[in-house]
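Coordinate-derived values only; no laboratory data. The structure presented is a predicted model; accordingly, all values stated were derived computationally and were not measured. Here the Cβ is made from the backbone with ideal geometry for all residues, glycine too, and neighbour counts use every protein chain on show.
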Amino acid sequence: MTSAAASQGALLSVEGLSIHFGGLVAVDRATFEVREGEVLSLIGPNGAGKTTAFNAITGYLAPSAGEIRFRGTRLNGLKPNQVAELGLVRTFQKTSVFGGRSVLENVLIGLHLRSKQRPLAILLGLPSVAREERTLEAEARRILEFVGLSARALETGGALPYGEQRLLEIAVALAARPQLLLLDEPVSGMNPVETESFMAKLAEIRALGVTVLLVEHDMKMVMGVSDRIVCLNQGRIIASGTPAEIRRDPEVIRAYLGERYARAHG
Amino acid sequence: MKGALTVLWLAFLVSIPLWMTNQYILHILIVTGIFIVAAMSLNLLLGYTGQLSLGHVAFFGIGAYASALVSLGFSVQLAPGVTLALAPNPVWCGMLAAIVVSGAFGWFIGRISFKVRGAYFVIVSISFAEVVRLVAVNWVELTQGPMALNNIPPLTLWLPGVGEHAFWKKPANYWLILGVAVVSYVLIRRLVHSRAGRAMIALRENEPLATSVGIDVTRYLVLTTVCSAAMAGAAGALYAHYVRIVDPDVFLFIYTVTMVIMVITGGKGTLAGPIVGGLIFGLLPETLRAAAIPPEAQWIVYGVLMILILYFLPAGIVPAVRQGWQRRRRDPAASPAGP
Amino acid sequence: MDQLLQHGLNALMLGGTYALLGIGLTLIFGIMRVVNFTHGELYAFGAYMMYMLVMLTGANFFVALVLAVALGVALGAAIEFVLLRKLRGADIDTTMLVMIGAWIALQNAEQLAWSGVAKSIDNPFPTAPLVIGAVSVAWNRVFVFAVALVLIAATYALINHTRLGKAMRATFQDRDTAALMGIQIGTIHTATFALGSGLAAAAGALLGPVFVAYPTMGDLAAEKAFAVVILGGLGNIAGATVGGFILALVEELGAGYISSGYRDAMGFLLIIVILAFRPTGLFAQKERIG
């Protein structure tokens, strides 16, 4: 699996990424890459800089230094919607849906980039607009079917139970047809059953050809789905490798469990 | 069923000048109609995109002045030796100019609104309207200042079967405004039920999420403001050629407030809201006047009414009625998510 | 040169009241995040109270001044308590619109009570101006300037050297933490609104006798208050003080050298220009990283 992924080349390359907030260094010269078709997980204690890195990659934050490239295209300085147009779509750490709209409408909004309606055509009420609306609705329903929310199509997004809202988030992100999906703690707050179910869904998303960059705390999930793992601590990358390698890495153990544990278990 | 109801309703509206002999009431309906068009345009900004624009009357007034000036002709000295002059043009040219000029100002405000957010944008929009008003008052060479532009010609159209028709009389103006209102409604409806409409609503509901799926904030803010301003400009032009006199008072903040009240109480972000609000606050002054209540007291009533509605029906009248209607039908498939 | 000096002196005399208006609004806007559309009406209220007390009931000018300010404070507290309390969690649109409703109701109530005719208010100062070399200034304006300075200093002392002031500053910085620290946010809000309204009423009570009182006088005052707030930065009292004088100066110079008709436009233009280039105000503190 690994050798196959390596030969495909880097989809996303992050080089020397540094993010400073005044005197605070949130991310310090991080360098890593995401290869086509893999699932890469970013782990690390709270405050390690994971979400900050996400924000910089997807254009919500300007990096202080470093290069971010997606298939060779420089992402530095692009606005979030431009990053999405290139094929990177992210989810948010705090559940983020269009709370006042129906589930179906949420996904329809996600299909924004797939739609080609021009303002003039809209105002003139041309039949092409109505035709595309029907196509989009069918596509939205397909996506809802994929994540398992078909029954909820007409319910208000904000009224869904927590686990289903997270699924809705995924549906909206998938609607934007990402090549690289950045998931920010997708299973936080989920019970073990929901987490298992999500892991299966992630495998299905991979099968669609989507590369995944994941930030997660749930170690069982991370070990279970990742091809490679990168560990951050206090803004710096302290280890990277396969799940097996990471599990044994002394730096990682020290970062998570502290100095004493590391010394006690050598 | 719904389509039949709409046709009946429209037929009723069209018929009014045929049996309503009271010219004053017709006048009230015409002015209300103009305000409804302006309110619908404000709803696009305030209701759908969530932009707190309180300078809307500026677009209305700019449209009025633009159309009046283009149809009357003007001549101003911009600098020693540099004169800008325009000969009088047909009224429909003026109306087109109104739409374009207002739209252009809308573009300018739209670009600013991206950079300046929230409460600051409120202040900027109000300031913008006031500056425009003060220019109208002081640039007497162009606008005649407080002495007003008068003798503005009415719209003249070539109609099949009638030939050249000048819109002097009230019934003609009523039908004109009804036509414009219907067209505006249809345009807004199409916009809202499209990809563009969804993008606007998405920006209002959750901007970070909207951008993460590729929605360009600036583009849609500007698109909305341009459409909204152009429509308000059209309403202003209609006003200028109906009332046939335009003075800087057309830029008073109180008119923005009137439009805002109409949109908010009717139901912002709904298609019917501005119409309901417009009818209430267009016709309410007349009923209050009939009861011999002084205008100041009327405004106190509006102020209090607005506060009450904001407390008890914060989404407006139309959504409240809709919810009540759905609860009565007790239809399990009915979704509470409105348009 | 003399003309310039005269403009400068005029601006100085007026700037203090603009500062009062601005400080009041920056506190309300900053601590409560409310776009206070009634601010101008409190200004008008102060002027009308002076009219009522001095002209209609024959009270002593200085006593009336104190009373007018006190009444302004009371009205502010009442508005906050009756209208804003219930809207604590509401979004900014709703609050703003409620304020607009209150503004309409207040302004028309004033118009109803005292009619639209402008009212002049007698003052006990000599009419002959104070002449200093090539410039001159009316005594009543000097009084206005002096009182304004005193009030600005008093407000500054309140905010920076009292417990209430400290609580207000804490609420401005981080409302949630302040609440967790045991600060009664409700009381702070009422106090802030009352204080801000009192300052606006003071400005009106001071300027009413200098100019005249008329029902829509509050609108321009409100606009100038907003201009000062944007100049000085949200919640920044020192900034609002400086901003008040800057605005007065810009207005004086604009009226003097461009056109008197555009005097009032200066404030609006300043707002647009500043926000176009610095969307969070001229001296704004960095907002918290969200």
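Under a cut-off of 27 Å between alpha-carbon atoms, report the lysines in cross-link reach of B:LYS268, not counting same-chain residues fewer than 8 places apart.
Counting by Cα, and skipping residues close in sequence, B:LYS268 has these lysines nearby: B:LYS2, B:LYS115, C:LYS86.
May I ask you to list the residues of region B:175-199 whose amide nitrogen lies under 19 Å from a point 7 Å from Cα along the Cα→beta-carbon direction of B:TRP92?
Residues passing the 19 Å test: B:175-184.
Tell me which residues come under 5 Å, amide H to amide H, from A:GLU155 once H is placed; ignore anything under 5 positions away on its chain.
Correct list: A:VAL103, A:LEU104.
Under a straight-distance cross-link criterion of Cα-Cα below 16 Å, which lysines are reachable from C:LYS119, leaving out those fewer than 8 residues away in the same chain?
none
With each run of n ≥ 4 DSSP H residues scored as -39500 (n - 2.57), what mean residue ellipticity at 222 nm is computed for chain A after dividing by its residue count and rounding to the nearest 500 deg cm²/dmol?
Result for chain A: -12500 deg cm²/dmol, rounded to the nearest 500.
What distance in nm separates the two pseudo spin-label positions at C:ARG278 and B:MET147, each 7 Å out from Cα along the beta-carbon direction?
It works out to 4.3 nm between the two label points.
Each residue of region B:155-160 in turn: what ³J(HN,Hα) in whole Hz from Karplus with 6.51, -1.76, 1.60 and θ = phi - 60°, glycine and Pro shown as x?
Each residue of region B:155-160 in turn: 5, 10, 10, 8, 10, x Hz.
Could I have the simple spin-label model distance between B:ARG189 and A:LYS116, label points 7 Å from Cα toward Cβ, reported in nm to one decimal?
Going by the 7 Å Cα→Cβ label model, 2.8 nm.
How far apart, in nm, are two points set 7 Å out from the Cα along the Cα-to-Cβ line at C:LEU56 and at B:ARG328?
In this crude label model, C:LEU56 to B:ARG328 measures out at 4.8 nm.
Among B:ALA39, B:ALA104, B:ALA240, which one shows the highest mean-square fluctuation when chain B is modelled as a Gaussian network with alpha-carbon springs under 10 Å?
B:ALA104
Would you work out if region A:53-198 is rounded, prolate or oblate? Take a ≥ b ≥ c from the square roots of the eigenvalues of the alpha-carbon gyration tensor; rounded if a/c is under 1.5, else prolate when a/b is larger than b/c, oblate otherwise.
Because a/c hits 1.5 or more and a/b fails to exceed b/c, region A:53-198 counts as oblate.
Out of region B:132-237, which chymotrypsin sites (Phe, Trp or Tyr not before Pro) are coil in DSSP terms and have no more than 16 other C-beta atoms within 10 Å?
When the chymotrypsin sites (Phe, Trp or Tyr not before Pro) of region B:132-237 are filtered for loop state and at most 16 Cβ neighbours within 10 Å, B:TRP139, B:TRP168 remain.
What size of dipole, in debye to the nearest 20, comes out for chain B about its Cα centre when the only charges are +1 on Lys and Arg C-beta atoms and -1 on Asp and Glu C-beta atoms?
Its charge dipole is roughly 1140 debye.
Per the Kirkwood definition applied to all pairs of different Cα atoms, how many angstroms is the hydrodynamic radius of the protein assembly as shown?
It works out to 30.6 Å.
First measure r as the distance between the Cβ atoms of B:LEU308 and C:ASN160, then evaluate 1/(1 + (r/R0)^6) with R0 = 56 Å and state the FRET efficiency to the nearest 0.05.
Once rounded, the FRET efficiency stands at 0.90.
So what's the back-of-envelope 222 nm ellipticity for chain C, counting only DSSP H runs of four-plus at -39500 (n - 2.57) apiece and dividing by all residues, rounded to 500?
Result for chain C: -22500 deg cm²/dmol, rounded to the nearest 500.
With the cut-off at 1.5 for a/c, could you classify region B:70-176 from its C-alpha gyration tensor as rounded, prolate or oblate?
oblate
As a test of the formula, what do you get for chain B when each DSSP H run with n ≥ 4 contributes -39,500 (n - 2.57) and the sum is divided by the residue count, at 222 nm and rounded to the nearest 500 deg cm²/dmol?
The helix contribution divided over chain B gives -23000 deg cm²/dmol.
Per residue, how big is the convex hull of region A:97-177 when only Cα atoms are used? Give it in Å³.
83
For chain B, what D do you get in µm² per second when you plug the Kirkwood radius from alpha-carbon pairs into Stokes-Einstein at 4 °C and 1.567 mPa s?
The diffusion coefficient I find is 62 µm²/s.
Is there a quick way to get the dipole size of the protein assembly as shown? I mean about its Cα centre, with the Cβ of Lys and Arg at +1 and of Asp and Glu at -1; what is the value in debye to the nearest 20?
With only Lys, Arg, Asp and Glu charged at Cβ, the dipole is about 1360 debye.
May I ask for the percentage of alpha-carbon pairs in chain A that lie more than 30 Å from each other?
Looking at chain A, the distances longer than 30 Å represent 32 percent of pairs.
For chain C, what is the largest minus smallest coordinate of the Cα atoms on each principal axis, given in angstrom and ordered from greatest to least?
Projected onto its principal axes, the Cα set of chain C covers 57, 45, 34 Å.
Taking A:LYS116 as the anchor, which lysines have their alpha carbon closer than 26 Å to its alpha carbon, excluding any fewer than eight residues away along the same chain?
A:LYS116 reaches A:LYS79.
Output ³J(HN,Hα) for region B:275-286: one whole-Hz value per residue in order, computed from phi by the Karplus curve 6.51 cos²θ - 1.76 cosθ + 1.60 with θ = phi - 60°, and x for Gly and Pro.
Result, ordered by residue: 5, 4, x, x, 5, 4, 7, x, 8, 4, x, 5 Hz.
With θ set to phi - 60°, apply the Karplus curve 6.51 cos²θ - 1.76 cosθ + 1.60 along region A:142-155 and write out the HN-Hα couplings as whole Hz, x wherever there is a Gly or Pro.
4, 5, 4, 4, 4, 8, x, 10, 3, 5, 9, 3, 9, 7
Which of rounded, prolate, oblate describes region B:97-230, given a ≥ b ≥ c as roots of the alpha-carbon gyration tensor eigenvalues and a/c under 1.5 marking rounded, otherwise prolate only if a/b is larger than b/c?
In terms of gyration-tensor shape, oblate.
For region C:121-180, with only Lys/Arg (+1) and Asp/Glu (-1) charged at the beta-carbon, what is the dipole magnitude about the Cα centre, in debye rounded to 20?
It works out to roughly 160 debye.
For region C:206-284, restrict the atom set to alpha-carbon positions and state the Rg and Dmax in Å.
12.9, 38
So what's the projected area for region A:146-232, the Cα convex hull averaged over all directions, in nm²?
6.0
So, R0 is 45 Å and r is the distance between the beta-carbons of A:GLU15 and A:GLU145; what FRET efficiency does that work out to, to 0.05?
Step by step, r from the Cβ atoms, then E = 0.70.
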